[in-house]
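The values are calculated or read from the model by the stated rules, or taken from the named source; none is laboratory data. None of these values were measured; they are calculated from a predicted model. Every residue, glycine among them, receives a Cβ derived from its backbone with ideal geometry; neighbour counts consider all protein chains shown. Accessible surface is based on the protein model in full, side chains and every heavy atom, while ligands, DNA and RNA are left aside. Shrake-Rupley method; radii C 1.70, N 1.55, O 1.52, S 1.80 Å.
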Amino acid sequence: MPGQSSLFGFEEDAKPTDRLFFALFPDAEAAARIAECARQLRAQHGLHGAPLKTERFHITLHHLGDYPGLDQGIVDMASRAAAAVRAAPFSVTFDRAVSFSSSPRNRPFVLRGDAGLAELMLFQRALGLEMAKAGLGRWAKPAYTPHVTLLYDDRAVAEQAIAPIRWTAGEFVLVRSLIGQTLHIPLARWPLRP
């Protein structure tokens, strides 16, 4: 029954504490530009949500699940998949901001792009194929909307153009996020090589 202890002394329905995902992080200059963009757009639209901390801006490539503690088996499979990916550094460009309408409250306000994200989309698919080979196929989702979350707010903002924010992705990272603590811990990094 839910909530009862198992024979091994663990809760069957233990609350997740750890989230794993692959991500790309902007370089320091691009992260500073994203932070400034978030501040300006927040003021322009009268949003109340606090912008994310500069070091937390990222593009999620693949979510690998939420777990009650660090799942070393998933980390090992993810590491095998990441080590098998071969890709050169590529440019990333975001040129629009918009609210996602996933819920009526606490909507993500994000950066988006189209043509400037073509190589990112190809890389995300290639990583997904290697994840499937490593036993993580259930997490390799074909539908993908690359974005950088700026903040969360109850108000919805229609899509608008922004001055393009660009950087060159030179590595990707396996991240452990401690749920509810706004803490991202890089577990491993893989460089992109020409």
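Structure above, values below:
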item: Where residue 118 falls short, out of the listed (1) within 30 Å of residue 45 (Cα to Cα); (2) open to solvent by less than 40 Å² (accessible area, probe 1.4 Å); result: (2)
item: Every residue from segment 32-71 that is part of a loop (DSSP other than H, G, I, E, B), aliphatic (A, V, I, L, M) and under 14 Å from residue 147 (Cβ atoms); result: 52
item: Which listed residue, of 75, 92, 110, 98, is assigned to a helix (DSSP H, G or I) and either open to solvent by less than 50 Å² (accessible area, probe 1.4 Å) or in contact with a strand residue (DSSP E or B) (Cβ under 8 Å, 6 or more places away or on another chain) (or both); result: 75
item: Among the residues listed as 35, 143, the single one being among the hydrophobic types (A, V, I, L, M, F, W, C) and touching a helix residue (DSSP H, G or I) at 6+ places or on another chain (Cβ under 6 Å); result: 35
item: Among residues of segment 1-52, those that are basic (Lys, Arg) and either modelled with pLDDT under 95 or more than 19 Å from the chain's Cα centre (by Cα) (or both), counted; result: 3
item: Selection from segment 122-135 of residues that are within 17 Å of the chain's Cα centre (by Cα) and open to solvent by less than 50 Å² (accessible area, probe 1.4 Å); result: 123, 124, 126, 127, 128, 131
item: Residue count for segment 147-167, restricted to those that are of a type outside the set (S, T, N, Q) and surrounded by 15 or more Cβ atoms within 10 Å (Cβ to Cβ); result: 11
item: Residue in segment 149-194 that is modelled with the lowest pLDDT, counting only those that are more than 21 Å from residue 115 (Cα to Cα) and β-branched (Val, Ile, Thr); result: 182
